[in-house]
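Coordinate-derived values only; no laboratory data. Values in this document were obtained by computation on a predicted structure and should not be read as measured data. Note that we place each Cβ from the backbone using ideal geometry, even for glycine, and neighbour counts take in every protein chain shown.
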Amino acid sequence: MNPMVRRSRDSDVEVLVELTLLAFVPVFDSFRELLGPAIYPIIWPDWKKAQREAVETLCSSSNENVVLVAEVNGVPIGYVAYGIRSKDSEGEVLLLAVHPEHQDRGVGTLLNGRALEEMKAAGVKLAIAETGGESSHAPARRSYEKSGYVGLPLVRYFKSL
């Protein structure tokens, strides 16, 4: 498998939405378990709808963010979306998803590497990526660490009222 990386096209949107929904099932299952029935539905009443809308927004031609797609034989298997805040010289990975059948094969690292190359070429001085600390985010953490990101341990708390 030798993925090719390219810019997203309008025709990719539905495939990227479906890929995202498949890739994020373990993440949202984990969130549901960790947060419990009182908090989880407040934050994510419909995570699939929220993810669909996020992908559609990121892929919109009116959006200034960049979406890079990894494909094999013309079929998208993963993507990374990033944005650049030129006034701050910062770039941020907004979303990274790899189809479950292609995870742990270097696709995320390939996408991260290409995004970092493009950010650097655009004058970015600091790249930022955010992911979870629990087991469902382990593939993303490995990808970011292989790409040279340094993690800062943070804890975010939630309480239902």
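General observations
- Qualifying residue in region 39-47 (condition: crowded, with 19+ Cβ neighbours inside 10 Å and in contact (Cβ under 8 Å) with a residue 24 or more places away in the chain): no
- Criterion violated by Ser86 - all others in (1) surrounded by 13 or more Cβ atoms within 10 Å (Cβ to Cβ); (2) out of contact with any Gly (no Cβ under 7 Å at 6 or more places or on another chain); (3) among the polar types (S, T, N, Q); (4) without any contact (Cβ under 8 Å) to a residue 60 or more places away in the chain satisfied: (1)
- Residue in region 118-126 that is surrounded by 16 or more Cβ atoms within 10 Å (Cβ to Cβ) and under 15 Å from the mean Cα position of the chain (by Cα) present: no
- The listed residue being among the β-branched types (Val, Ile, Thr) and touching an Asp or Glu at 6+ places or on another chain (Cβ under 6 Å), out of Ile84, Ile128: Ile128
- Complete set of residues in region 73-98 that are out of contact with any Lys or Arg (no Cβ under 8 Å at 6 or more places or on another chain) and of a type in the set (Ser, Thr, Tyr): Tyr79, Tyr82, Ser86
- Close Cβ contacts (under 7 Å, 6 or more residues apart or on different chains) running from residues in region 1-19 that are among the charged types (D, E, K, R) to residues that are outside any strand (DSSP E or B) comprise Asp10/Ser61; Asp12/Cys59.
- Just one of (1) touching an Asp or Glu at 6+ places or on another chain (Cβ under 9 Å); (2) assigned to a helix (DSSP H, G or I); (3) surrounded by fewer than 13 Cβ atoms within 10 Å (Cβ to Cβ) fails for Leu22. It is (3).
- Only one entry in Val55, Val13, Val75, Val67 is of a type in the set (Val, Ile, Thr) and exposed (fewer than 14 other Cβ atoms within 10 Å of the Cβ), namely Val75.
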